[in-house]
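Okay, structure first, notes after.
Please treat every number below as a calculation from the coordinates, not as lab data. This one's a predicted model, so the numbers in the text were calculated from it and none came from an experiment. As a convention, Cβ positions derive from the backbone with ideal geometry for all residues, glycine included, and neighbour counts pool all protein chains shown.
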Amino acid sequence: MNVYDFDNTIYDGESVIDLFFFYMKKTPYIAKHIPKVFYAMYKYKRGRITVEQALSDYAPFIEDYFRNIDDFESDVRKFWDGHMKKIKPFYKDLQREDDVLVTASPEITMAEVCRRLGIRHVVGSLMDPETGKITRLCMRSRKVPAFLEAFPDAHIDNFYTDSQKNDQPLIDLAEHAFIVKGSKIRQIK
């Protein structure tokens, strides 16, 4: 099986940031959170924030905002209508029937893009659709237990990521691993 990180790997950018800007157009008052959002992404990409810190610092804002969204499923469809163009072309050349996305992005936002791409399996962060409460943050070392819970006997033939630092535990599980930077793919294992 091929396993892929999503953001900055097969998606050109950070889908959660793009979703934030999608909602900012609908509810401009959240613009006041831009510095906090970018600072959080900076800390995450540099490995300077623990999963526990991310949950305690940012989950309350996300949960409060999520509870006030009228039709999240419709919004997600509209979001992907405008963002499918950010799927990197190389993915279709490598795609296999048993592909799995393992991502920090919420599964509830990933389900639609997976449906459109024909990807049957996604392991991501979990949110309660009623309350917006984050019940699993699937990032860094937490990706491995989440993956193994879903696929206890799986063998990862190839793993693709944009960040060796953040995804080393999955790299260790894979037979082969690749770093994706833009449209360039380089084997590291």
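Below is a table of values for the structure above.
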| quantity | calculated |
| --- | --- |
| Out-of-range pairs (alpha-carbon distance over 23 Å; input LYS25/LYS165; LYS26/LYS165; LYS26/LYS181; LYS85/LYS181; LYS25/LYS85; LYS85/LYS189) | LYS25/LYS165; LYS26/LYS165; LYS26/LYS181; LYS85/LYS189 |
| Of all DSSP beta bridges in region 2-187, antiparallel share, percent nearest 5 | 35 percent |
| Amide H partners (placed H, <5 Å) of VAL122, local residues excluded | LEU101 |
| Cα gyration tensor category, rounded, prolate or oblate, for region 115-189 with a/c compared to 1.5 | prolate |
| Net length gained if the chain between LYS86 and LYS165 were fully extended (0.36 nm per residue, minus Cα distance) | 26.1 nm |
| Order by protection proxy (mean Cβ within 10 Å, highest first), peptides 15-22, 126-133, 94-101, 106-113 | 106-113, 15-22, 94-101, 126-133 |
| Radius of gyration and maximum dimension Dmax of the chain, Cα, Å | 16.0, 47 |
| Farthest toward positive dipole pole in region 2-187 [+1 Lys/Arg, -1 Asp/Glu at C-beta], among TYR91, TYR29, PHE178 | TYR29 |
| Residues of type aspartates and glutamates that LYS92 reaches as a straight line, Cα spacing below 12 Å, ignoring anything fewer than 8 places off in the same chain | none |
| GNM result for the chain, Cα springs below 10 Å: residue of ASN166, ASN68, ASN158 fluctuating most strongly | ASN68 |
| Theoretical ellipticity at 222 nm over the chain - DSSP helices of four or more residues, -39500 (n - 2.57) apiece, nearest 500 | -14000 deg cm²/dmol |
| Global geometry of region 72-157, whether rounded, prolate or oblate, following the gyration tensor of its Cα atoms and the 1.5 cut on a/c | oblate |
| Sites ASP157 and ILE34 - FRET efficiency at Förster radius 30 Å, r taken between beta-carbons, to 0.05 | 0.15 |
| Calculated FRET value between ARG186 and ASN68, using beta carbons and R₀ = 45 Å, to 0.05 | 0.55 |
